[in-house]
Amino acid sequence: MTKVFNTYSLLPHNTFGIKATAENFVEFSSVDDIMAFLGNGYNGNSLVIGGGSNLLFVNDFNGTIFHSAIMGMEVVKETEEEILLRVGSGVNWDELVAYTVEKGWGGLENLSAIPGEVGASAVQNVGAYGVEAGELIVRVETVRISDAVCQEFSHDDCDFSYRHSIFKAAEKGKHIITHVTYRLAKNPTFKLTYGNLSEKVEELGGATLANVRKAVCEIREAKLPSPDKIGSAGSFFMNPVVDARFAESLAKEYPAMPQYPLPNGDVKLSAGWLIEKCGWKDTPHEHVGVYRHQALVVINRGGATGKEVLDFASAIIESVKKKFGVTLNMEVNVID
Ligand code: EPU
């Protein structure tokens, strides 16, 4: 079934809680539906959204927004070691994680309690606690908007890196993702090296999929605002990466600065720490601020417009640049 709406409120479709409308909003529940809607293809202004948990609408959207309501999870291959699970792009992300944990299939447990839907996991390569979704993705199926042609992207085609994929680069805005296939392990190995995760898991009785999920949910709950209570889009900025020499000079001046060396010799810094040290936890504006437990998260304190959020974010970027000489890039997809 395809539902088409005009002058449609996007308030329930963005976790920031920004008031904006879409000229047209199209929601479909199967590949056939979206193919039928597209006909020979659509070449107007368009945007594909998932759960709206990584978007900032600065204006009303003039054009067509597509939203997948393709559901379902299907085991497409099973061996002694692994499961290939093909999932509809409209499936809620955390429902997928909960299902795999319940089944005893390992891989996604560290990615518990992330808002959003399956399609977006492939676009922005969602990551947390030492795991990125892209590591588990073996195939992404899409329909190309301009000519309604079905396409398949292998893991390598997707070109995953930190919060990045081909769907944010050369193929940006061109595809509607319909299905994502994940490779899951029947004999899971656990990744518990991030922060205090292993400590939390021990407290819960040791490493099982259910305990890892529970520990991650508890850590997230303590640090990140729940989207149904406080408007935000999770991390607003990406953690910046700098070269080793610059990182060393920063460490000399700020010995407490968290630094994470990367395999290529560069160093990843913590945007949350940099923002906190610029004093933003203590300087909220009327409608916007940063979350008190995690400065990387810009929040809507009530009634914020997209423009106010964007201006606030720009002021943060400027202050971090001035104090540390580090440039922050936005992780949130700003729709202007
Ligand atoms: N920190 C501060 N002050 C803050 C925030 C963080 O000092 O206000 C320090 C922490 O104490 C810690 C370090 O910065 O030493 C890192 O903080 P944290 O573990 O909270 O992780 P992060 O690097 O700030 C990233 C992801 C999160 C993900 C966590 C856990 C990005 C942009 N963000 O945050 O992802 O949950 O790691 O893996 O990479 C999201 O994308 O929406 C998101 C929440």
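Since every read-out is calculated from the coordinates, none of them should be taken as a lab result. Bear in mind the structure is a predicted one, so any value in this text is a computation, not a measurement. Backbone-built Cβ (ideal geometry, glycine too); neighbour counts: all protein chains shown.
Here are a few things to note about the model shown:
- Cα gyration tensor category, rounded, prolate or oblate, for the chain with a/c compared to 1.5: oblate
- For SER89, distant residues with modelled amide H under 5 Å away: ILE70, HIS179, VAL180
- Cα gyration tensor shape for the range 197-330, rounded if a/c is under 1.5, else prolate or oblate: oblate
- By other beta-carbon atoms within 10 Å, ranking GLU135, GLU253, GLU74 with the fewest at the front produces GLU253, GLU74, GLU135.
- Size of charge dipole - the range 132-245 - debye, nearest 20, with Cβ of Lys, Arg +1 and Asp, Glu -1, no other charges: 180
- Cα gyration tensor, the range 1-106 - rounded (a/c under 1.5), prolate or oblate: oblate
- Rounded to 0.05, the FRET efficiency of the TYR162 and ALA36 pair, given R0 = 45 Å and the Cβ-Cβ distance, is 0.75.
- The alpha carbon centroids of the range 20-93 and the range 126-181 are separated by 12 Å.
- When the Gaussian network model of the chain links Cα atoms closer than 10 Å, the mean-square fluctuations of PRO263, PRO255, PRO12 top out at PRO263.
- Pair ARG292, GLU135: separation of 7 Å Cα→Cβ label points (nm): 3.4
- Annotation: amide H of ALA233 within the under-5 Å range of VAL298, sequence separation 5 or more or interchain, hydrogens built in the peptide plane.
- FRET efficiency, 1/(1 + (r/R0)^6) with R0 45 Å, evaluated for LYS3 and ASP243 via beta carbons: 0.35
- About its Cα centre, the dipole of the chain is roughly 820 debye, where the only charges are +1 on Lys and Arg Cβ and -1 on Asp and Glu Cβ.
- Computed label-point distance, nm, for sites VAL58 and GLU74 using a 7 Å Cα→Cβ extension: 4.1
- The stretch between ALA315 and ASN264 holds 15.3 nm of extra length on full extension. This uses 0.36 nm per residue minus the Cα-Cα distance.
- Label zone (LEU47, point 7 Å along Cα-to-C-beta; backbone nitrogen cut-off 19 Å) within the range 120-161: 120-125, 145-146.
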